[in-house]
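Report on the following structure.
The values are calculated or read from the model by the stated rules, or taken from the named source; none is laboratory data. Please read these numbers as outputs of a predicted model, since none were measured by experiment. All Cβ positions, even for glycine, are placed from backbone atoms using ideal geometry, and neighbour counts span all protein chains on display.
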Amino acid sequence: MSDKNNKALKPGWRRVKFGEVVRLSKARSQDPLADGIERYVGLEHLEPGDLRIRNWGNVADGVTFTSVFQPGQVLFGKRRAYQRKVAVADFSGVCSGDIYVLETKDAQVLLPELLPFICQTDAFFDHAVGTSAGSLSPRTNWTSLADFEFPLAPINEQKRLVDLLRAVERTSELHQEVGGCSDQLVRALLADVLSREWPVVDLGSVVQWTQYGLSINAGSDGQYPMLRMMNIEDGLCVENDIKYVDLSEKDFEAYRLVDGDVLFNRTNSYELVGRTGVYELEGDHVFASYLVRIKTVPEKLEPKFLTLYLNSDFGRRQVLAYATKAVSQANVNASNLLRVRLPLPPLEVQKQLLEEIACAKSAERAAMVRRSSAEEMKKQLLAEITGDAE
């Protein structure tokens with residue numbers, strides 16, 4: 001017996017096997033469409049860590065699934081259990097044979113509302129993964145899951161845990177929604193500015209000069225960190241998987257990045273070519289040959305406005321119009337880049353837009369911090385369910 005099983009239980013708690021309090025539903029439909037069932041759920045419709053079913057398929061489109069589920073029942077992905085796919089149905093349907101449909105045997109012993117959270121605990125997933133068989137597509141089985149042991153709280157304590165977990169889940173969802181709203185707000189703010197009557201100019205008319213990066217092999221050691229195409233994310237230059245190069249003082253000064261430089265990814269897959277970021281990192285960095293440095297005319301064009309535009313749907317349509325395709329890559333050279341057309345609001349309008357976007361991004365970051373706190377609290381509550389809390 002493990003140390004965990006030897007832990008003293010809290011007053012009123014008792015150790016049970018999963019199969020003693022949970023039933024595997026055997027409800028089946030040989031003809032879901034004739035039985036009035038409209039929706040089906042496959043493993044691909046379940047998202048790891050998300051108890052809500054947000055996607056599904058239509059039975060009318062054709063499906064061979066026969067396992068029936070009802071609102072309130074728990075769907076657990078038995079194949080590749082390490083993916084942690086658990087959800088609570090809020091509609092009726094049929095599901096894949098790789099999904100177990102679970103329900104409590106007696107709501108006076110185990111609250112149905114607590115069951116999905118039990119299935120989200122590390123202890124339950126560890127047991128499911130540990131009892132899975134098969135190399136390419138490992139599956140657990142009901143007999144093994146039924147043997148999973150955990151401490152069962154009294155009903156009143158279960159109600160307390162459910163209330164707390166639901167509150168934490170809702171808090172996490174709300175903060176996630178704030179992040180999504182922030183992205184929508186940024187797109188709407190940019191679209192509003194671009195829809196006004198501004199002069200439309202060639203990029204070359206508001207750029208001082210452009211420069212290709214260094215064509216030199218980089219390694220894990222060297223004098224200077226060199227930014228490459230994977231070092232551009234979300235409109236910024238980032239230090240992911242940094243490589244280094246040794247350079248003469250002359251070459252370093254020629255390729256040294258300064259605040260406000262815009263880096264344009266000139267060669268990449270067709271989907272990623274043209275990705276653009278503003279350089280704001282601390283320290284000394286140079287840049288690789290698949291990047292083009294753009295130095296804007298400061299009195300006419302804000303670097304962040306240019307970056308925002310080139311990364312937007314509006315700007316990408318312009319950029320991709322000049323992309324030349326190879327077998328697996330696309331390229332936009334500096335000459336063609338300077339032919340890209342962009343609406344040019346006055347500098348003060350550009351700055352106001354950037355301030356509004358900065359506020360939206362700040363709210364998004366704050367929401368994500370709060371969401372992380374909510375997720376951490378959920379982990380602690382889940383650990384409490386299975387007696388793993390310190």
> Which residue, of 273, 258, is more than 29 Å from the chain's Cα centre (by Cα), more than 21 Å from residue 217 (Cβ to Cβ) and either outside any loop (DSSP other than H, G, I, E, B) or not acidic (Asp, Glu) (or both)?
Replying inline: 258
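Only one of these is surrounded by fewer than 16 Cβ atoms within 10 Å (Cβ to Cβ), free of Cβ contacts under 8 Å to residues at least 12 places away in the same chain and not assigned by the TED database to the domain that holds residue 207: 369, 327. Name it. It would help to see each step written out before you state the result.
On the way: 327 fails: not assigned by the TED database to the domain that holds residue 207.
None of the others qualify; the one that does is 369.
Answer yes or no: is there a residue in the stretch 261-275 that is hydrophobic (A, V, I, L, M, F, W, C) and in contact with a Gly (Cβ under 6 Å, 6 or more places away or on another chain). Walk me through it before giving the result.
The first filter runs over the stretch 261-275 and keeps only residues hydrophobic (A, V, I, L, M, F, W, C), leaving 262-264, 272-273.
Those left that are additionally in contact with a Gly (Cβ under 6 Å, 6 or more places away or on another chain): 263.
Yes, some residue in the stretch 261-275 is hydrophobic (A, V, I, L, M, F, W, C) and in contact with a Gly (Cβ under 6 Å, 6 or more places away or on another chain).
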>> Being in a helix (DSSP H, G or I), modelled with pLDDT of 95 or more and either at positive phi or in the same structural domain as residue 27 (by the TED database) (or both): is that true of residue 109 here?
In response: no
> What residue, among those in the stretch 63-91 that are over 24 Å from the mean Cα position of the chain (by Cα) and of a type in the set (Phe, Trp, Tyr), is surrounded by the fewest Cβ atoms within 10 Å (Cβ to Cβ)?
Replying inline: 91
>> Within the stretch 145-191, take every residue that is modelled with pLDDT of 85 or more, among the hydrophobic types (A, V, I, L, M, F, W, C) and under 18 Å from residue 366 (Cβ atoms) and give me the one that is surrounded by the fewest Cβ atoms within 10 Å (Cβ to Cβ).
In response: 185
> For residue 322, which of the numbered conditions (1) touching a residue at least 40 places away in the same chain (Cβ under 8 Å); (2) out of contact with any strand residue (DSSP E or B) (no Cβ under 7 Å at 6 or more places or on another chain) fails to hold?
Replying inline: (1)
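Let's see how each residue does on (1) under 20 Å from residue 190 (Cβ atoms); (2) touching a residue at least 40 places away in the same chain (Cβ under 8 Å); (3) surrounded by fewer than 15 Cβ atoms within 10 Å (Cβ to Cβ):
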site	(1), (2), (3)
253	no, no, yes
274	yes, yes, no
279	no, yes, no
284	no, yes, yes
287	no, yes, no
295	no, yes, no
302	yes, yes, no
